[in-house]
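Chemist: Dumping the structure here so I can ask a few things about it.
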Amino acid sequence: MNIHEYQAKALLKGYGAPVAEGVAILKAEEAEAAAKSLPGPLYVVKSQIHAGGRGKGKFKELGPDAKGGVRLAFSIEEAKAHAKEMLGNTLVTAQTGEAGKQVNRLYIEDGADIARELYCSLLVDRSVGRVAFVVSTEGGMDIEAVAHDTPEKIQTIAIDPEAGVTAADIASISKALELDGAAGEDAKSLFPLLYKAFNEKDMALLEINPLIVMKNGHLRVLDAKMSFDGNALFRHDDVKALRDETEEDAKEIEASKWDLAYVALDGNIGCMVNGAGLAMATMDIIKLYGKEPANFCDVGGGAGKEKVAAAFKIITADPKVEGILVNIFGGIMRCDVIAEGVVAAVQEVGLKVPLVVRLEGTNVELGKKILNESGLAITAADDLDDAAKKIVAAIEA
């Protein structure tokens, strides 16, 4: 689960991190009061969407010469004008795709005198099984581009979970970021509290880009991105309350209600599979035969008839789907349960696109019998290769 920048900053502020004063608004007419409550005279008006690259983004409705989704305002009147222009319009960034995201919230923040921009993130480094700091002196930039072009400028410092962030760790991070003086002193408190927040809130990612050194020498968190482990949200009602469903795909929201692993994609072949590895293989073979998957959908190993039916309904609700491939290997999951769920869903919502089903494993013959006797236009497949060929041929017919 992701949250907005202003929510992430409020969370970090609760741990003692240095963040600027700011006010989130939902209506343009709230901009004046928000700006007046800040020290000024420089304000930053920031679009709040779940995507990066906001500053370089463009609003669909405003033309190519309009400013991006993060703007400086040198007066309260200018802040008001930015808010009026940005709210309700669609921001397209490198991460949103061409569809973009509608800006429903803004964050008006007090400006900062920036001397240097740095990059700092925390994530789980699975190569060593520890939470690690990933830092670079090249902050404010596309970190992927830095990693590709100048990987030596990115350093990773893994943290011993028993010791926590030690003085030696702080020294290593500070050296990598070239911190000294007041910034070096700030680092002694900032990096341990970031680590504490990451662990206590069960984050999957905490990214600060940029972490700035101000002209007065001190550190400040200028931007913050947080992603949380969905499997741990039951422990954090305060985090769950921050969820903004308007930023999420409606199909993914519905899938989460059924505990389905579902990710919407841009293709035209809907997939329903059990097991993440089999799901990846299914998507790969669809691409091998020249088509694109419309989704990743893993119903899991213990799904019942109702859950399977729910997954099928979510897939068929996607207008991009021109065909559906069900690929099930019955281990814990029984093939007859899958068949019953598919039949129930088709009978309820109808079948307007080709459907190919490949079953193998526990109760496979019973599953095939249920499908064959359903009277529905379902095409059976012998194996994964056969299934992919048949669904591609069906939508091209």
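Chemist: Suppose the chain between residue 137 and residue 257 were pulled fully straight at 0.36 nm per residue; how much longer would it get relative to their current alpha carbon spacing?
Modeler: Result: 39.0 nm gained on full extension.
Chemist: Find how much the distance from residue 125 to residue 72 grows on full extension, using 0.36 nm per residue of separation minus their present alpha carbon separation; answer in nm with one decimal.
Modeler: 15.5 nm
Chemist: For residue 307, go through the lysines and keep the ones whose alpha-carbon is under 28 Å away, minus same-chain ones fewer than eight residues off.
Modeler: Reachable lysines: 240, 251, 257, 287, 291, 320, 352, 368, 369, 389, 390.
Chemist: Give me the distance in nm between label points sitting 7 Å out from Cα along the Cα-to-Cβ direction at residue 153 and residue 237, one decimal.
Modeler: Using points 7 Å along Cα→Cβ, the separation is 4.6 nm.
Chemist: Pick from 46, 215, 67: which residue has the top mean-square fluctuation in a GNM of the chain where Cα pairs under 10 Å get a spring?
Modeler: Of 46, 215, 67, the Gaussian network model singles out 215 as fluctuating most.
Chemist: Follow-up. If one computes the Cα centroid of the range 73-149 and of the range 238-275, what distance in Å separates the two points?
Modeler: When both Cα centres are located, 24 Å separates them.
Chemist: Now for a different question. Bin width 10 Å, alpha-carbon pairs only: give the P(r) of the range 51-116 as whole percents, running from 0 to the bin holding the largest distance.
Modeler: Taking every Cα pair in the range 51-116, the percentages come to 21, 52, 24, 3.
Chemist: With +1 on each Lys and Arg Cβ and -1 on each Asp and Glu Cβ, and nothing else charged, work out how big the dipole of the range 114-239 is about its Cα centre, in Debye to the nearest 20.
Modeler: Computed about the Cα centre, the dipole is about 200 debye.
Chemist: Stretched out fully, how many nm does the piece from residue 99 to residue 389 gain, at 0.36 nm a residue minus the Cα gap?
Modeler: Extending this stretch completely gives an extra 101.3 nm.
Chemist: State the label only: which of (i) 76, 50, 40; (ii) 56, 51, 48; (iii) 66, 54, 41 corresponds to Cα extents along the principal axes in Å computed from the shown model?
Modeler: (i)
Read-outs throughout are calculated quantities, based only on the coordinates presented, and are distinct from any laboratory measurement. Everything numeric here is computed off the predicted structure, so don't read it as measured data. Every residue, glycine among them, receives a Cβ derived from its backbone with ideal geometry; neighbour counts consider all protein chains shown.
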